[in-house]
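Undergrad: The structure follows.
The values are calculated or read from the model by the stated rules, or taken from the named source; none is laboratory data. Only a predicted model underlies this, so the values are computations on that prediction, with no experimental measurement involved. All Cβ positions, glycine included, derive from the backbone under ideal geometry; neighbour counts span all protein chains shown.
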Amino acid sequence: MLHQRAAFFQAIRRFFQGQGFLEVDTPVRQPLVIPEQNIVPIPSAGHFLQSSPELYMKRLLAGGCEKIFQICHCFRSGERGRLHLEEFVMLEWYRLDCGYTKLMGDCECLFEFLESRVTPWHFPVSLCTPWQRITVEDAFHKYCSMTPAQALDQGIFDLLLVEKVEANLGDKTPTFLYDYPLELASLARSKVENPGIAERFELYVAGVELANGFSELTDPVAQRARFMEEYAGMENFPEGEKKMPELFLKDLGKIESAAGIAMGLDRLFMLISGQGSVDDAVTFAPDDLDV
Amino acid sequence: MLSASDLRKGLKIQIDGQPYIITHFEFSKPGKGQSLYRCKMRNMITGNQFSQTYRSNEKFEKPALEERKMQYLYNQGDEYHFMDTENYEQTFITREQLGENVSFLQDNMELDVLFFDEKPIDVTLPIFVNLVVTVAEPWAKGDTSGNDTKPVTVETGYVLQVPPFVVEGDKIQIDTRTGAYVTRVKE
C-alpha cells in the first residue's frame, strides 16, 4: 500500500505540474486561524495548527500567483470517525480569474489522470464525464421534501444532509452538490443573479464527501462582516482571541476574482485503494501511535 | 455528565431514566457543518433498539450501573435466584431478562450481575461453561448426508450441534458468547 500511496501523491503532483500549477507551502503553525464556527483548531505553543492553508494560499494569489497547489497536513480537534482524522492530508488548489465551474472540470481531469497512474484502482464508481450535478435546492427537494431554507430555519440542515442526502450522492459517477445557501459559505462569493446563494460545491463519491470548492469572496468589507458573523457564533472561543486577519483582508482586496478547492486526500486514497475507513488508508492511524 | 464528544461504541448512557448501551457509533460532519454523533442504542432493560443523532452541545447522564459478584442458586418457575457472594443478599432475575443465558446456568455458578438503580437487569456469564450431555442419538453409521455434526441436549435443556464422537454422559465445553461446542472435557 505504501507504493500505491506514493504513486498517488506523485500522480497528483505530476497532474498539477502538467497543468502549469506552482507547488507552494505555507506555515503550518499560525497565530490566527480562519474564524469558522464548526472547526475547532488545535493549539500549538501560542499558535494554532492550521485547519486549512486557505488564507495563505489566497495571499499568494494576491501576490500575483495565477495557479497554485499545495499538499499539506491539516488539523481539526475532535473530528474522529470512519471518515475523520484529527490530522489529515489536504490538497488545495487555486486559480486566479476563474469561477467554481472551472474547478469542477479540474476534478474530472485530475481523477481521470489518477486512474491512468495509480494501480490497483478500486474506485467505487465510473469516472465517465460529465459527472452528475445537483443543486442543494434540488437535492433537499428530492430527498427531504423541503427547501434548504426551511431546513436551516428548523436547524436541521446538517442533520438532513448527513442522514437523507449524502448517501444518495455519487452512486454512478462522482457527483457535485452545488449552490449552497450563503450562510453556509463564509468565504465564498454569492451568485450575481441570486445573492442568497453562494457559488460553492462539494464533491461526493459513494456518499463520501471528498472536496469543497468555491468561487472566492474577494470583497474585503463583505469578508470582514462574514468573519464577524462566524465569531459571533463561536461562543466557546475566548473573546480576546477573536482577531481579524488584517493582512489577509488587505491582500484580498488585490484579487479580482479567483476560485479554490480543498480535497481530503486520505479519503480519496481510501476510495482508490478500496479501504473501508481512513484509518486503513493512512501510513499510521491514530491507534498505531505510541502513547 | 457526559458530552456528545464522549459518545462511542460500548458507552452506556441514561436517557429518560433508562440505561442504554451504544451498539453502533458514527461521527459525521458535513463540510463546514456541525459535528453530528450518530448512535444506535439498545435499552439495557427492555432490549428495545433505537437510533438517534446528537449534536456537540448535548449532555448525557451516566446510568447508575453496578456489577456484583453473585452465585446462581436455583430457579422457581420463571424466577432465577442469585446470592451476593459478599453480603449473602439474595435477589431474582426473570427468565425473560436472562434470555439465552438461561441455557448456560449451572447451580452454584459464580457470575457478574449488573444492577441498575439497585435492580438486577443482566448477567455476564463465564466465557466457557462445562455441561453434561443428557441426550445424544448414536451416530447413524452409513450416514451419507455429508453432515459431520449431530444434535445433543445438555443438562440445562440446551440443544447444540457436536461432533459424532460425543456420547450421553460426556461433559462438553461450550462458548457462552456463541453457544457453540468447543471441546469434550475429560475428567
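Undergrad: Among the candidates A:GLU87, A:GLU66, A:GLU23, single out the residue that is modelled with pLDDT of 95 or more, surrounded by fewer than 20 Cβ atoms within 10 Å (Cβ to Cβ), within 28 Å of A:ASP179 (Cβ to Cβ) and away from every other protein chain (no Cβ under 14 Å). Steps first, answer last, please.
TA: On the way: A:GLU87 fails: within 28 Å of A:ASP179 (Cβ to Cβ); A:GLU23 fails: within 28 Å of A:ASP179 (Cβ to Cβ).
After ruling out the rest, the residue left standing is A:GLU66.
Undergrad: Is it true that some residue in segment A:204-216 is among the polar types (S, T, N, Q), touching a helix residue (DSSP H, G or I) at 6+ places or on another chain (Cβ under 6 Å), in contact (Cβ under 8 Å) with a residue 24 or more places away in the chain and within 11 Å of chain B (Cβ to nearest Cβ)?
TA: If we filter segment A:204-216 for residues that are among the polar types (S, T, N, Q), which is where we start, we get A:212, A:215.
Narrowing the set further to residues that are touching a helix residue (DSSP H, G or I) at 6+ places or on another chain (Cβ under 6 Å) leaves A:215.
Then keep just the ones that are in contact (Cβ under 8 Å) with a residue 24 or more places away in the chain; that gives A:215.
Those still in the list that are within 11 Å of chain B (Cβ to nearest Cβ) too: none.
No, segment A:204-216 has no match at all.
Undergrad: Also, I was wondering about something else. Mind telling me which of the residues B:ILE22, B:ILE13, B:ILE93 ends up being more than 14 Å from chain A (Cβ to nearest Cβ) and more than 22 Å from B:GLY179 (Cα to Cα)? Step through it out loud before you land on a result.
TA: Working: B:ILE22 fails: more than 14 Å from chain A (Cβ to nearest Cβ); B:ILE93 fails: more than 22 Å from B:GLY179 (Cα to Cα).
Just a single option satisfies the conditions, and that option is B:ILE13.
Undergrad: Report, by residue number, each residue of segment A:234-260 that is buried (at least 22 other Cβ atoms within 10 Å of the Cβ) and more than 21 Å from A:PRO41 (Cβ to Cβ).
TA: Selection gives A:ALA258, A:ALA259.
Undergrad: Inside segment B:59-74, can you point out the residues that are surrounded by 14 or more Cβ atoms within 10 Å (Cβ to Cβ) and either at pLDDT below 90 or among the aliphatic types (A, V, I, L, M) (or both)? Give the derivation first.
TA: Going residue by residue through segment B:59-74, those that are surrounded by 14 or more Cβ atoms within 10 Å (Cβ to Cβ) are B:60, B:63, B:65, B:68, B:70-73.
Of everything in segment B:59-74, those that are surrounded by 14 or more Cβ atoms within 10 Å (Cβ to Cβ) and either at pLDDT below 90 or among the aliphatic types (A, V, I, L, M) (or both) turn out to be B:LEU65, B:MET70, B:LEU73.
Undergrad: Test A:TYR178 against the criterion of being within 14 Å of chain B (Cβ to nearest Cβ), more than 29 Å from B:GLN52 (Cβ to Cβ) and surrounded by 14 or more Cβ atoms within 10 Å (Cβ to Cβ), and give yes or no.
TA: yes
Undergrad: Next up: Can you name the residue in segment B:160-179 that is without any contact (Cβ under 8 Å) to a residue 40 or more places away in the chain and under 21 Å from B:VAL123 (Cβ atoms) and, of all such residues, is surrounded by the fewest Cβ atoms within 10 Å (Cβ to Cβ)? Give the derivation first.
TA: Just the residues of segment B:160-179 that are without any contact (Cβ under 8 Å) to a residue 40 or more places away in the chain, to begin with: B:160-170, B:178.
Restricting the remaining residues to those that are under 21 Å from B:VAL123 (Cβ atoms) gives B:160, B:178.
Numbers: B:LEU160: 18, B:THR178: 10.
Only one residue fits best here, namely B:THR178.
Undergrad: Sort out which residues of segment B:40-58 are at pLDDT 90 or above, under 17 Å from A:ILE156 (Cα atoms) and either more than 10 Å from chain A (Cβ to nearest Cβ) or surrounded by 15 or more Cβ atoms within 10 Å (Cβ to Cβ) (or both), and write them in order of number.
TA: Within segment B:40-58, B:GLN52, B:THR53, B:TYR54, B:GLU58 qualify.
Undergrad: Restricting the search to segment A:48-82, which residues are within 28 Å of A:VAL162 (Cα to Cα), in a loop (DSSP other than H, G, I, E, B) and in contact (Cβ under 8 Å) with a residue 60 or more places away in the chain?
TA: Filtering segment A:48-82 for residues within 28 Å of A:VAL162 (Cα to Cα) gives A:49-55, A:71-82.
Next, only the ones that are in a loop (DSSP other than H, G, I, E, B) stay: A:50-53, A:76-80, A:82.
The answer is A:SER52, A:ARG80, A:ARG82.
Undergrad: Taking helices (runs of 4 or more DSSP H) that do not extend beyond segment A:89-199, which have at least 3 residues that are within 18 Å of the chain's Cα centre (by Cα)?
TA: On the way: elements: A:100-117, A:136-144, A:148-153, A:157-160.
Filter on segment A:89-199 gives A:100-117.
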